[in-house]
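Working notes, structure below.
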Amino acid sequence: MDRIFAALGDPVRRHILQVLSVDEHPVGAVVESLHAKTPISQPAVSQHLKVLRDAGLVTARSEGTRRLHSLDPAGIDTARAWLTALTDRAAHFEQPLDALETEIARGRRAHHQPAEPATEKTGTEDKRLA
């Protein structure tokens, strides 16, 4: 999780993610897209892509001599889940509510089981009540 948010801390990397959210791209296409906002070299973009891959936000696949980069849905989902948990007030109650549901189910089972006959203790013997 720390790597994901460290990677997201850089505005250039966030822009790269926006570019890759549309489709997969080779490094050259990412560089061209970034040039509209800031001058950046291809080695610098490659380094940013490496950080994003290491964080689990981007994947790369080879196609001939090119490497095509795309978003990694698993990494994006991890970040989304963590951020969603911050604003989902009910998430804090899921585990206690699961425990309550279990106890209610146990109570229902106990209520539906036939009761054992009551016994009366007299000295050392138990005497069944009829």
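The values are calculated or read from the model by the stated rules, or taken from the named source; none is laboratory data. None of these values were measured; they are calculated from a predicted model. Heads up, the Cβs are rebuilt from the backbone with ideal geometry, glycines too, and the neighbour counts pull from every protein chain shown.
What the table below lists for this structure:
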item	result
Subset of the stretch 34-43 that is assigned to a helix (DSSP H, G or I) and without any contact (Cβ under 8 Å) to a residue 12 or more places away in the chain - its residue that is nearest to the chain's Cα centre (by Cα)	P43
Hits in the stretch 48-76 (condition: free of Cβ contacts under 8 Å to residues at least 40 places away in the same chain, surrounded by 11 or more Cβ atoms within 10 Å (Cβ to Cβ) and not hydrophobic (A, V, I, L, M, F, W, C))	H48, K50, R53, T59, D72, P73
All positions within the stretch 76-94 that are closer than 18 Å to D2 by Cα and either at pLDDT 95 or above or of a type in the set (K, R) (or both)	R80
